[in-house]
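Structure first, commentary second.
The values are calculated or read from the model by the stated rules, or taken from the named source; none is laboratory data. Here the structure is a predicted model, which is why all the values come from computation and not from measurement. Here the Cβ positions follow ideal geometry from the backbone for every residue, glycine too, while neighbour counts run over all protein chains shown.
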Ligand code: F6R
């Protein structure tokens with residue numbers, strides 16, 4: 001049932017190219033110039049009337065929502081707030097009839113996410129669910145559902161469900177942009193072309209698992225480490241840090257690269273590993289100046305960047321490069337080495353990769 005893999009998590013990491021293809025599937029037109037989402041029960045008029053969007057989820061799905069916020073705001077210019085469901089539901093969120101609420105849940109059964117969905121509906125908002133389980137509670141109660149076709153996810157640590165959520169968000173953001181006219185057909189086509197290349201690009205990262213394994217074995221000797229990044233790199237840093245904590249039990253923190261000097265820099269000392277995500281090219285120089293700050297305090301820095309970048313190798317101790325894609329889609333690639341890092345670190349420490357202590361796959365209690 002693990003199809004030759006040692007763990008479900010590794011199998012699911014390797015299923016991502018297929019999950020990307022299946023989630024895009026018939027939602028892209030044959031010409032590759034437009035997104036079609038008949039599952040969206042909103043008319044063009046209703047879409048034009050949306051004044052704000054709330055994205056609500058827990059854990060890894062929340063991290064997908066942080067990337068989703070970036071995608072929607074950049075492509076469709078609608079203001080978006082992303083919230084953790086257990087916070088959202090108790091803070092009297094301002095939900096009006098022209099608010100679209102997007103709930104994201106792999107299982108579709110997470111208690112706090114479901115409660116947030118109900119709160120949104122009570123206030124008259126249209127609720128769009130992004131979920132991996134067709135008949136789940138979230139899918140049944142939402143007004144519209146975009147299914148992520150990742151297939152069943154068994155490992156407690158979410159991998160292919162998260163990346164399929166990123167694909168769902170890119171489809172939805174492009175659909176909004178198309179409907180609102182906020183992007184040209186050329187720009188939409190360029191992003192779709194890049195999306196279609198993602199599965200093969202993920203394959204090429206997976207083929208370099210040994211590089212990550214070697215680095216993971218080094219990391220496994222440490223008690224603390226840091227992930228830094230800006231923009232969507234920061235959102236991916238949060239996910240990389242959660243994954244590592246969850247299954248390897250190594251403590252890590254993810255920081256927006258520019259925030260370090262406001263406190264956390266005090267924790268950087270000789271030999272502390274820092275994983276710097278410098279994938280966003282427009283923010284590259286800024287991130288590199290933060291890399292210099294940690295290196296000056298003795299940190300050992302692994303830089304994650306896009307292929308062909310000549311400056312990154314000069315600034316860090318080690319580099320892992322991912323294939324080039326358009327800026328907003330980089331999370332669908334950059335998270336993959338971090339998933340492998342968590343996996344191999346957990347393996348090196350002899351932990352139960354698929355069933356980490358204290359955690360359940362589906363959290364149906366509050
Ligand atoms: C972490 C993980 C959890 C879930 C969270 C929400 O790897 O899997 O953080 O993402 O419990 O679960 P769903 O998406 O089922 O609502």
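Checked against (1) more than 16 Å from the ligand (Cβ to nearest atom); (2) buried (at least 18 other Cβ atoms within 10 Å of the Cβ); (3) farther than 28 Å from residue 298 by Cβ, residue 230 meets all criteria but (3). Residues that are more than 14 Å from the ligand (Cβ to nearest atom) and in a loop (DSSP other than H, G, I, E, B) were ranked within region 136-185; the one that is nearest to the chain's Cα centre (by Cα) is 149. Just to be sure, is residue 223 within 25 Å of residue 17 (Cα to Cα), surrounded by fewer than 16 Cβ atoms within 10 Å (Cβ to Cβ) and touching a strand residue (DSSP E or B) at 6+ places or on another chain (Cβ under 9 Å)? The answer is no for residue 223.
Please enumerate the residues belonging to region 278-319 that are surrounded by fewer than 20 Cβ atoms within 10 Å (Cβ to Cβ) and part of a loop (DSSP other than H, G, I, E, B). The answer is 296, 297, 298, 307, 308, 309, 310, 311, 317.
Yes/no matrix, rows are residues, columns are (1) surrounded by fewer than 24 Cβ atoms within 10 Å (Cβ to Cβ); (2) within 12 Å of the ligand (Cβ to nearest atom); (3) over 26 Å from residue 133 (Cα atoms):
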| site | (1), (2), (3) |
| --- | --- |
| 329 | yes, no, no |
| 332 | no, no, no |
| 340 | no, no, no |
| 348 | yes, no, yes |
| 356 | yes, yes, no |
| 364 | yes, yes, no |
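Residue 35: within 16 Å of the ligand (Cβ to nearest atom), within 25 Å of residue 181 (Cβ to Cβ) and at pLDDT 95 or above, yes or no? When the stated conditions are applied, residue 35 does not pass them.
In region 199-249, the residue that is nearest to residue 24 (Cα to Cα) out of those that are part of a helix (DSSP H, G or I) and free of Cβ contacts under 8 Å to residues at least 24 places away in the same chain is 241.
For region 242-288, a residue qualifies if it is within 18 Å of the chain's Cα centre (by Cα), modelled with pLDDT of 95 or more and away from the ligand (no atom under 16 Å from the Cβ), and the qualifying residues are 253, 255, 256, 257, 275, 276, 277, 278, 279.
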